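Written out below as structure tokens is the structure these notes cover.
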Amino acid sequence: MSLVDKYKKLDELVVKDKEEEVNDTFKEILEETFKKINKKIEEQKTLDIKNPEEKMAVRAMMEYMLELWDEGATDEAKQVGYDMVYLVDDARLKEMFTLFVIGILAGLSLDKFFEKYIDLREIYEDYFFTGFNDEIDELVEKYKDQFVKEFQE
């Protein structure tokens, strides 16, 4: 089953509020996504969101990163963010993952970050949170050097 199909199944399960099946399906999505990501890394290629399968892989990695962040696994979430900045071939998504990492560097909770910096009315390509308000500039200024240093490591 393709990632697109697995996400259709997941979305249906979410509507039906079947939490255990949602978790199992998301685990399947992540396993498939990790295979795609590893292949891209080996081939030294990037993910193209114009390709539906690769778009779903980017969605999965974003959701995985946000889940890790929310659970307090910030080092792991940050690493996913850095990897995705490298792996996506889309300027808006690179910026989104960069700004998420900066939020983690700032020590903010996921809820606080979304509440203070993200405009949920602006969703890019159906799934991605790319609407940041101007207040984010202050965080960027404060944490950009740390971001660049860690990104290059």
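The values are calculated or read from the model by the stated rules, or taken from the named source; none is laboratory data. Here the structure is a predicted model, which is why all the values come from computation and not from measurement. Here the Cβ positions follow ideal geometry from the backbone for every residue, glycine too, while neighbour counts run over all protein chains shown. Accessible surface areas use protein heavy atoms only, side chains included; no ligands, DNA or RNA. Shrake-Rupley method; radii C 1.70, N 1.55, O 1.52, S 1.80 Å.
In table form, for the structure just shown:
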| item | result |
| --- | --- |
| Cut-off 13 Å, label 7 Å out along Cα→Cβ of K45, residues of the stretch 53-68 by amide N | 53-55 |
| Point-charge dipole on Cβ atoms (K/R +1, D/E -1) for the chain, about Cα centre, debye to 20 | 380 |
| Residue-by-residue Karplus 3J(HN,Hα) for the stretch 112-117, coefficients 6.51, -1.76, 1.60, Hz, glycine and proline x | 5, 4, 5, 4, 8, 10 |
| Length-normalised contact order of the stretch 3-152 in % [C-alpha pairs under 8 Å, at least 6 apart] | 16 |
| Approximate spin-label separation D24-D70, in nm, with each point projected 7 Å along Cα-to-Cβ | 2.1 |
| Folded to 0 to 90 degrees: helix 3-15 orientation relative to the chain principal axis, Cα | 90 |
| Phi to ³J(HN,Hα) by Karplus 6.51 cos²θ - 1.76 cosθ + 1.60 over the stretch 78-83, Hz, x for Gly, Pro | 4, 5, 4, x, 4, 4 |
| Interatomic Cα distance distribution for the chain, bins of 10 angstrom, percent | 11, 39, 37, 12, 1 |
| 14 Å beta-carbon shell around K16, net charge (K/R +1, D/E -1) | -4 |
| Percent accessible area from carbon and sulfur atoms, the chain, protein chains only, probe 1.4 Å | 45 |
| Neighbourhood charge, 12 Å Cβ-Cβ cut-off, centred on D89 and excluding it, Lys, Arg +1 and Asp, Glu -1 | +3 |
